[in-house]
1. Might you check whether a residue that is in contact with a Gly (Cβ under 6 Å, 6 or more places away or on another chain), free of Cβ contacts under 8 Å to residues at least 60 places away in the same chain and over 30 Å from Val121 (Cβ atoms) occurs anywhere in the stretch 35-55?
2. I'm told Ile25 meets every condition in (1) within 16 Å of the ligand (Cβ to nearest atom); (2) among the aliphatic types (A, V, I, L, M); (3) at pLDDT below 85 except one. Can you identify the failing condition by its number?
3. Could you list, ordered by first residue, the pairs with Cβ atoms under 7 Å in which the first is in the stretch 70-83 and over 16 Å from Arg33 (Cα atoms) and the second is among the polar types (S, T, N, Q) and crowded, with 17+ Cβ neighbours inside 10 Å, at least 6 apart or interchain?
4. Do we find a residue being of a type outside the set (S, T, N, Q), surrounded by fewer than 14 Cβ atoms within 10 Å (Cβ to Cβ) and touching a Pro at 6+ places or on another chain (Cβ under 6 Å) anywhere in the stretch 37-50?
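The values are calculated or read from the model by the stated rules, or taken from the named source; none is laboratory data. Just so it is clear, the structure is predicted and the values come from calculations on it, not from any experiment. A quick note on method: Cβ atoms are made from the backbone with ideal geometry, for glycine too, and the neighbour counts reach across all protein chains shown.
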Amino acid sequence: MQSVAREFDALGLAAPQIGIHQRIILLTLQNGREKVFVNPQIVGKSTKVVPSIEGCLSVPALVASVPRHESIRLKAFDYSNGEEILQDFQGDDSFCLQHEIDHLDGVLFLDRVEDKEAIGVSNFLRIRAGERKIVDELVQQSEKLPQTIALTSVISFFLALSISAATN
Ligand SMILES: [Zn+2]
């Protein structure tokens, strides 16, 4: 149960999920720091694979257990300072990175589920808490705005998130 709770506390979003075709991901690490990574690449991974309970903004009503590498080595550019990083991540940070980087390649967590019958349909949006906050804000914004400029507001919102992450 604790691991599920931790998983839902994770924040993650990949730019293509909101129509921005760039290799950019945003996430909140377990230490609470929000990071924006540009062109993230997994350059190493543990042989040990463990189950990760995941949900997703892109398919908000579903939750499932996905096999993920316990740790990964990430190569990316840190959006906040433009510096290239090479860093190891473990546990939930590792799972969240694998999930978001998958989005950049058009892969959903459901594609990685081994037992399709184990996909759960929740009666409420059991998506990652961070992603749900973003969805709520996007919905609020889009309700206030005409459809024609809704996409602009979505992009602006993502950029605002990026800027706030960069100032952390
Ligand atoms: Zn997702």
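1. No; the residues of the stretch 35-55 include none that is in contact with a Gly (Cβ under 6 Å, 6 or more places away or on another chain), free of Cβ contacts under 8 Å to residues at least 60 places away in the same chain and over 30 Å from Val121 (Cβ atoms).
2. For Ile25, the failing item is (3).
3. Glu70/Ser94; Ser71/Ser94; Ile72/Ser94; Ile72/Gln98
4. Within the stretch 37-50, one or more residues are of a type outside the set (S, T, N, Q), surrounded by fewer than 14 Cβ atoms within 10 Å (Cβ to Cβ) and touching a Pro at 6+ places or on another chain (Cβ under 6 Å).
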